[in-house]
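Notes for the one structure printed next.
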Amino acid sequence: MLGSMLRHGHAHLAGTLGLLPLFLGCVATPPPEPANPSPAASSSNGQSAADQAGDDASAYRGYTGSAADVLKQYAQTADAARTRRAQLTKQLETATPLDQLRLHVRVATLYEDLAERLALTREPHVRLLTGAQEQLLKEANDSGDQARIDKAAAVRAQMRETWRKVTAQEMALAAMIVVSHYDQAAVLVAEHSLAGKEVDAAMAHRDLIAKELGSDALNAIREQLAEDSEGASQASQAGPATARKQIVCMDPLQ
């Protein structure tokens with residue numbers, strides 16, 4: 001579920017929105033697109049789909065490639081989601097209240113899927129260092145020089161932390177869209193006394209997301225949206241471009 005995957009990212013929403021880290025990756029030839037992801041449901045043994053993907057390569061549903069490649073693929077997917085969101089939002093102008101609710105849920109689901117696929121992306125399917133950089137780290141580890149060994153370990157830790165922050169930012173921005181549209185759906189339910197199984201299911205899912213995110217993260221998102229009535233729209237515009245700007249090529253042991 002979106003909430004369980006993104007809870008940590010939302011807790012740091014304010015900090016990640018202004019993040020400008022150095023990422024240790026270079027753009028390479030994009031790899032083939034992986035299969036379409038499936039929802040991150042829990043299995044009968046209580047293991048999340050994200051955990052299962054890490055345990056079973058055949059079940060992997062995240063992106064594949066270098067860190068730069070993954071963010072390029074994600075940006076393309078986010079661009080398509082933004083276009084589809086604009087199309088669905090346009091239909092709100094002439095839709096009935098019930099159809100408006102359906103449109104809001106469709107947009108929210110679109111961005112849940114966007115965030116989930118990125119959340120499912122993990123090593124070794126995403127390569128956080130190039131082959132040349134990995135070789136440099138190996139040489140440092142094999143050198144017997146404790147200073148070089150410590151520096152190599154620090155570089156690898158920095159790389160993983162930077163990747164976590166970049167992806168947390170992107171997922172947090174997507175979650176702003178999800179929360180915004182589910183909240184608008186809830187307003188429609190209240191204002192027009194909408195009822196029925198479809199409405200109940202939508203509101204139950206909204207409540208589940210709120211529960212999994214936690215009150216602090218949810219309040220942070222809603223405060224951000226309240227401060228800027230176009231906050232969700234700006235989030236969908238800023239995410240992929242911001243991620244691309246965060247990627248630089250560098251010698252990890254320089």
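The values are calculated or read from the model by the stated rules, or taken from the named source; none is laboratory data. Quick caveat: nothing in here was measured; it's all calculated off a predicted structure. Neighbour counts are summed over all protein chains in view; Cβ atoms, including those assigned to glycine, are modelled from backbone coordinates with ideal geometry.
Within segment 179-201, is there a residue that is surrounded by fewer than 20 Cβ atoms within 10 Å (Cβ to Cβ) and at pLDDT below 50? No - not one qualifying residue is present in segment 179-201. Screening segment 145-229 for helices (runs of 4 or more DSSP H) wholly inside it with 2 or more residues that are more than 22 Å from the chain's Cα centre (by Cα) and over 27 Å from His104 (Cα atoms) returns the ranges 146-192.
Of all residues in segment 109-134, those that are under 16 Å from Arg84 (Cβ atoms) and touching a residue at least 24 places away in the same chain (Cβ under 8 Å) have Cβ atoms under 9 Å from Cβ atoms of residues that are surrounded by 19 or more Cβ atoms within 10 Å (Cβ to Cβ) and aromatic (Phe, Trp, Tyr), 6 or more apart or on another chain, in Leu114/Tyr74; Arg117/Tyr63; Arg117/Tyr74. All of (1) buried (at least 16 other Cβ atoms within 10 Å of the Cβ); (2) of a type outside the set (Ser, Thr, Tyr); (3) more than 30 Å from Val187 (Cα to Cα) hold for Pro124 with one exception: (1).
Please indicate, with yes or no, whether at least one residue in segment 26-38 is polar (S, T, N, Q), closer than 27 Å to Gly214 by Cα, at pLDDT below 70 and not in a helix (DSSP H, G or I).
Yes, the conditions are met somewhere in segment 26-38.
The condition of being more than 30 Å from Tyr182 (Cα to Cα), surrounded by 14 or more Cβ atoms within 10 Å (Cβ to Cβ) and of a type in the set (Asp, Glu) does not hold for Glu116. The C-beta contact set for segment 139-162 (first residue closer than 23 Å to His125 by Cα, second residue among the aromatic types (Phe, Trp, Tyr) and surrounded by 11 or more Cβ atoms within 10 Å (Cβ to Cβ), distance under 9 angstrom, 6+ apart or interchain) comprises Met159/Phe23; Thr162/Phe23.
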